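Asker: Before we start, here is the structure in question, set down as structure tokens.
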Amino acid sequence: MTQTLTISPKAVHRLFPPVSQYVHLPWISRPPNVWFDLTQLPATNNIIFHSHVKELLSEYPDYITDGFRSNNKTGYAYSIGGTITAPRMRNKASVFVAELMAVFACPSRLIQSPPDGKFFLLTDSLSSLFAILNTSSTNQIVQRIHLTLHTLISINTKVTLIWISGHIDLPEHDL
């Protein structure tokens, strides 16, 4: 005589939650280095804003990321050394996911650079930066960003994420 045990999907989910719900990265004890300095600038015209950005970025190379949705197509782009890479994503992906993927892809490429570098990574996505600041995030892309930034730190490469206002006619940013 065989007995069949029936377990509801809800019970299975409680017993075995998705991996991302209990993964914690204990070696990441502090959030990544994120600057919101440009959010403090008073409302001004683009020329003055551009001069602030140029002054801020004059010391180190800057890399730019952007996520986008246009004509029901989603993608992201990042620029390293003036070379723009712009992969497409599934059309149903949100702009938030596209922004996170851009922030993930750019530092992933920086791992291939010589160590001991300092880089600025620019993004116009405040929501992505706030998500990245959460070191206990269950978002898998955010976790991958944390791992990538941690890997860069381990090879003595410092990446600072900087928020920059979007769509301000800054040629280096509007990918």
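The values are calculated or read from the model by the stated rules, or taken from the named source; none is laboratory data. Treat the numbers as computed from the prediction; the structure is a model and nothing was measured. Every residue, glycine as well, gets a Cβ built from its backbone with ideal geometry; the counts of neighbours run over all protein chains shown.
Asker: Just to be sure before I move on: is residue 141 surrounded by fewer than 15 Cβ atoms within 10 Å (Cβ to Cβ) and on the phi < 0 side of the Ramachandran plot in the structure I sent?
Answerer: When the stated conditions are applied, residue 141 does not pass them.
Asker: Sticking with this structure for a sec: Can you report the number of residues in the stretch 74-85 which are under 15 Å from the mean Cα position of the chain (by Cα) and either among the small types (Gly, Ala, Ser) or assigned to a helix (DSSP H, G or I) (or both)?
Answerer: Residues flagged as under 15 Å from the mean Cα position of the chain (by Cα) and either among the small types (Gly, Ala, Ser) or assigned to a helix (DSSP H, G or I) (or both) within the stretch 74-85 amount to 3.
Asker: So, in the stretch 98-142, exactly how many residues are in contact with a helix residue (DSSP H, G or I) (Cβ under 7 Å, 6 or more places away or on another chain) and in a helix (DSSP H, G or I)?
Answerer: So the count comes out to 15.
Asker: Identify all residues within the stretch 144-162 that are crowded, with 17+ Cβ neighbours inside 10 Å and over 14 Å from residue 109 (Cα atoms); write none if there are none.
Answerer: Matches in the stretch 144-162: 146, 161, 162.
Asker: Considering only residues that are touching a residue at least 60 places away in the same chain (Cβ under 8 Å) and closer than 9 Å to residue 159 by Cβ, which ones fall in the stretch 109-124?
Answerer: If the condition is that a residue be touching a residue at least 60 places away in the same chain (Cβ under 8 Å) and closer than 9 Å to residue 159 by Cβ, then 120 is the only one that fits.
Asker: Identify, from the list 109, 144, the residue that is charged (D, E, K, R) and at pLDDT 90 or above. Show your work before the answer.
Answerer: Details: 109 fails: at pLDDT 90 or above.
Answer to the check: 144.
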